[in-house]
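Reviewing the structure listed below.
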Amino acid sequence: MLFVACVSVVATSQATSPDVASEEHVGAPLSLTNEAPKATRQLIVRASATRPPAKRAEAGLSVRVTARWIPADPSQTVSPWLKVILSDSQDGSGPTAYGILTEQTPLILEGVSSLSPDCELQASCEWRANVNFEMQDNTSAGTVELEWTAQAHARVVDTSSVPKGFTVSVSAP
C-alpha cells in the first residue's frame with residue numbers, strides 16, 4: 001500500500017495493473033557496534049509473467065526494521081540514532097528512515113523506495129537494491145541488534161489487468 005501511495009504522487013493518468021506483492025523476505029539478523037557502525041544487505045527484486053506483454057513494469061521495495069539498543073554501560077543516558085537507507089544506486093543515496101534508539105524500547109523503522117529504471121517486461125525484470133543500516137558511532141558504546149524484513153511490489157504500465165502468471169519475488173543474491 002505504501003508503494004501505491006509513493007508512486008501515485010508521480011503517476012500520470014496512464015493505466016496500470018494492480019500491484020502484485022512478493023512474499024515477505026526475512027533478512028538474517030545483524031548487529032551494529034561502535035567499531036562496526038554500518039552494514040549493507042543486497043536484495044534482488046524479480047518480476048515475471050508466463051505470458052509477458054510488451055509493456056513496462058515498475059517496482060518498489062518496502063523494508064521494516066526492528067532495532068534494540070543494548071548500551072555497554074546501562075547507566076549511560078545518551079542514545080544514538082539509527083538510519084536505514086534504501087538505495088538502488090552506487091552512491092548509496094535514497095529514501096531514509098531515521099530514529100533515536102532507547103534502551104529497553106524496540107525502535108521500528110519502515111522505509112519505502114521506488115526502484116528504477118522501469119523495465120520492459122519481455123521474459124522477466126530484475127532490480128538490485130541495497131538496504132544500508134547505520135548507527136551513530138560517536139556516542140555511547142553499545143550494540144544495536146537488528147531484525148528486518150523486505151517486501152517488493154510490482155505492476156505493469158499501460159494495462160489495467162495483471163498479466164497471466166505475473167509474480168514478484170525478493171531475495172538475497
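Tabulated data
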read-out	value
Any chance Ala150 is in contact (Cβ under 8 Å) with a residue 60 or more places away in the chain, buried (at least 21 other Cβ atoms within 10 Å of the Cβ) and in contact with a His (Cβ under 7 Å, 6 or more places away or on another chain)	yes
Residue that is modelled with the lowest pLDDT [pool: residues in region 58-88 that are assigned to a loop (DSSP other than H, G, I, E, B) and within 21 Å of Glu110 (Cα to Cα)]	Asp88
Test result for Ser93, part of a loop (DSSP other than H, G, I, E, B) and without any contact (Cβ under 8 Å) to a residue 12 or more places away in the chain	yes
Any pair with Cβ under 9 angstrom, 6 or more apart, that starts in region 61-87 at a residue that is free of Cβ contacts under 8 Å to residues at least 60 places away in the same chain and ends at one that is hydrophobic (A, V, I, L, M, F, W, C) and exposed (fewer than 13 other Cβ atoms within 10 Å of the Cβ)	Trp81/Ile100
Filter pass, Glu126 being open to solvent by less than 70 Å² (accessible area, probe 1.4 Å), among the acidic types (Asp, Glu) and touching a strand residue (DSSP E or B) at 6+ places or on another chain (Cβ under 6 Å)	no
Condition met for Val78 (among the aliphatic types (A, V, I, L, M), under 16 Å from Gln151 (Cα atoms) and touching a strand residue (DSSP E or B) at 6+ places or on another chain (Cβ under 9 Å))	no
Residue in region 11-42 that is modelled with the lowest pLDDT, counting only those that are within 20 Å of Ser161 (Cα to Cα) and β-branched (Val, Ile, Thr)	Thr12
Filter result (open to solvent by 70 Å² or more (accessible area, probe 1.4 Å) and more than 19 Å from Val131 (Cβ to Cβ)) within region 60-77	Ile70, Ala72, Asp73, Pro74, Ser75, Gln76, Thr77
Candidates Ala141, Ala54 - the one that is among the small types (Gly, Ala, Ser), in contact with a strand residue (DSSP E or B) (Cβ under 9 Å, 6 or more places away or on another chain), at pLDDT 85 or above and open to solvent by 40 Å² or more (accessible area, probe 1.4 Å)	Ala141
Count of residues meeting criterion [open to solvent by 30 Å² or more (accessible area, probe 1.4 Å) and of a type in the set (A, V, I, L, M)] in region 153-169	1
Subset of region 126-173 (residues that are in a loop (DSSP other than H, G, I, E, B) and β-branched (Val, Ile, Thr))	Thr139, Thr159, Val162
Unique match (being surrounded by 13 or more Cβ atoms within 10 Å (Cβ to Cβ) and touching a Ser or Thr at 6+ places or on another chain (Cβ under 8 Å)) among Leu86, Leu82	Leu86
Filter result (open to solvent by 60 Å² or more (accessible area, probe 1.4 Å), at pLDDT 85 or above and not in a strand (DSSP E or B)) within region 96-119	Pro106
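The values are calculated or read from the model by the stated rules, or taken from the named source; none is laboratory data. Given the structure is predicted, the values throughout are model-derived calculations rather than measurements. Glycine gets a Cβ as well: all are built from the backbone with ideal geometry, and neighbour counts include every protein chain shown. Surface areas here come from the heavy atoms of the whole protein model, side chains and all, with no ligands, DNA or RNA. Shrake-Rupley method; radii C 1.70, N 1.55, O 1.52, S 1.80 Å.
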